[in-house]
Every structure is written in structure tokens, then in C-alpha cells.
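The values are calculated or read from the model by the stated rules, or taken from the named source; none is laboratory data. Just so it is clear, the structure is predicted and the values come from calculations on it, not from any experiment. Here the Cβ positions follow ideal geometry from the backbone for every residue, glycine too, while neighbour counts run over all protein chains shown. Areas reflect the complete protein model, heavy atoms only, side chains present, ligands, DNA and RNA absent. Shrake-Rupley method; radii C 1.70, N 1.55, O 1.52, S 1.80 Å.
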Amino acid sequence: MGVVNVTPDSFSDGGVNLEPRAAVASARRLRAEGAALVDVGGESTRPGSAGVDADEELRRVVPVLEALSGEMPLSIDTSKAPVARAALDLGVELVNDVTALRGDPALAGVVAESGAYLCLMHMQGEPRTMQAEPRYDDVVSEVAAFLEERLAFAVESGIREELVCLDPGIGFGKTVEHNFELLRRLDELTALGRPVVIGFSRKSSLGKLLGDPQATTGSVAASVGAAVAAYERGATILRVHDVQEHVEALAAARAALA
Ligand code: HH2
């Protein structure tokens, strides 16, 4: 899954794709580099971000989705029902909700009605404050229990279980140690029986791991390392900004592991 953030303030590519033409070109490049799916987002969820309203999010993503509609498989990174509805009307196949259907009570109905795929992600707290002091007794069992509960909620809301994938939410209310513990014990998440999504790409935990306690991003090489480890432990969808590097590394990992 390639990432295109149509935002001025995303943590690693903020401003790069704010102009629709630039965002469309980025999506086409990621697709050509081997992305199976391109995730388009109009709101940053980086630590400390305040969020935007639905009108602004629509203004950012609709021109991009209109241009790409029918050209490649797309997902929409949103928690808002009106944004999801507009995206689905334009042929988007997957709704990627970082709030796991807790943000907008109307979103579950929109997804159920459309028959689209859905990604449910774990987050402790909310973007404005989530990195203040994340705490867990056991991060992996708490994330697994949360995802299991949100999956049950989605199914109760009329979304078919086979359309749902699950994501532990790397960096969303988690320390460096929490994020790597989730990768080390990924089997406890794949045991939930749904495809697991991992988005470690460029995240600050990678920069911190490599010795910069103030890092706000991580390198491409460290991102690829984390993605290959996640793949080996059973992740099926890797959400990444640098598609070509990941595709090449994963091709080699797959050949070696097959
Ligand atoms: N990470 C980000 C945004 N959406 N969705 C899923 N399912 N998993 C993730 O790990 C995930 C996500 C944050 O990354 P990015 O979109 O690059 O930054 P920003 O939120 O600042 O736009």
C-alpha cells in the first residue's frame, strides 16, 4: 500500500502532495513502482496534530480521487463518513480508519452499505496527545483485544468479516519499545484470523532506534528492515511511502523465505 498525503503537515511528506497535480503524479509513480493499492489521505494524524473538518478534507482529496478513479486500486485514509462516502462514490475500494469506527458514528453504515473493504487500526488516545505517555500492562494483548472487539463491532454493523483487515497502529500512542514488541509478537495479531496491516514507514521510532531521541521521522533503510520483519511474521499489507525500495526488498525476502 503506497501512501499519498494530500496535506500541508503530514509527518514525513507534508506539503509535497498538497497540490492535486502533484498528488496524482505521486500516486501514479507509486503504482508504477509496484504498489497494489494507493492510500490517499487529506488529514494528518501525526503526533500533536489538531485535525481538519470534513469540508477541508473533501476539498483536498476529491480532485485527486477524481483524477485517479478507475486507474488503480485506491483506499481512503479517513475517519469521516462524508469523506468516505464521496471516495466510495468515486470507486475507492478500501476505507482506512485510524479510529477503528470510533470517530464518526455514521462511518460503519457507509462502509456496510458500500460493500467496501475496511481497515481497523488501534490507537491509544488521540493524535493531539497520544505520544504524551503511552502506557500498557501488555501492549500486544491489549491491542489484540481491542482489534477483536472492533472487528466484532464492524460485523454487528453489517460489514462482512472477510472484508476487514486489522492494524496495530505503529506510532499511535506507543513508545519505541511498544512498536517493536508488536512486531516481535505479530503472531498474536495474525491469530485473529484477518489480514494484518503494518505502517512502520518513516516513523519516528526508527529514527529513535538509531540514536536520535528527538527524531520525528525514520530512514528508508530502517523502514524497509521493519517491513521485511513484519512480512516474515505474517503481515500481508505494508503501508509505505517508498514503494520501490519495499517492493525490491520484499521480492528478495519472499524468494528467500518461500
Ligand atoms: N499511519 C499513518 C496514517 N494512517 N493508517 C494505517 N492503517 N496504519 C498506519 O500505520 C497509519 C495510517 C501516519 O502516517 P502518514 O499518513 O504518513 O502521516 P500523517 O498522519 O502525518 O499524514
Can you pull the percent of region 8-57's accessible area that's carbon plus sulfur, 1.4 Å probe, other chains left in place?
50
In whole Å and largest first, what semi-axes does the C-alpha gyration tensor of the chain yield when each eigenvalue is scaled by 5 and square-rooted?
24, 22, 19
If packing is taken as the mean number of other Cβ atoms within 10 Å per residue, what is the order of 170-180, 244-254, 142-152, highest first?
170-180, 142-152, 244-254
Largest-first principal axis extents, alpha carbons of region 51-100, Å:
29, 22, 14
How much space per residue, in cubic angstrom, does the convex hull of the C-alpha atoms of region 143-258 take up?
109
Per residue value of the accessible surface for the chain (all protein chains in place, 1.4 Å probe), Å²
43
Please report Rg (one decimal) and Dmax (integer) in Å for the Cα set of region 1-128.
13.4, 36
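So how strong a dipole does the chain carry about its Cα centre when Lys and Arg Cβ are +1 and Asp and Glu Cβ are -1, to the nearest 20 debye?
Working: 24 positive and 38 negative charges, 99 e Å.
Approximately 480 debye in magnitude.
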So how much accessible area does residue 49 have, in Å² to the nearest 10, using a 1.4 Å probe?
10
Quick one: with all protein chains in place, what share of the accessible area of region 101-170 is carbon or sulfur, to the nearest percent (1.4 Å probe)?
47
Give the Debye-formula value of log10 I(q)/I(0) at each listed q (0.17, 0.20, 0.21 Å⁻¹), with one equal scatterer per alpha carbon of region 166-218, two decimals each.
-0.51, -0.67, -0.72
Accessible surface of region 185-230, 1.4 Å probe, proportion on carbon and sulfur as whole %:
57
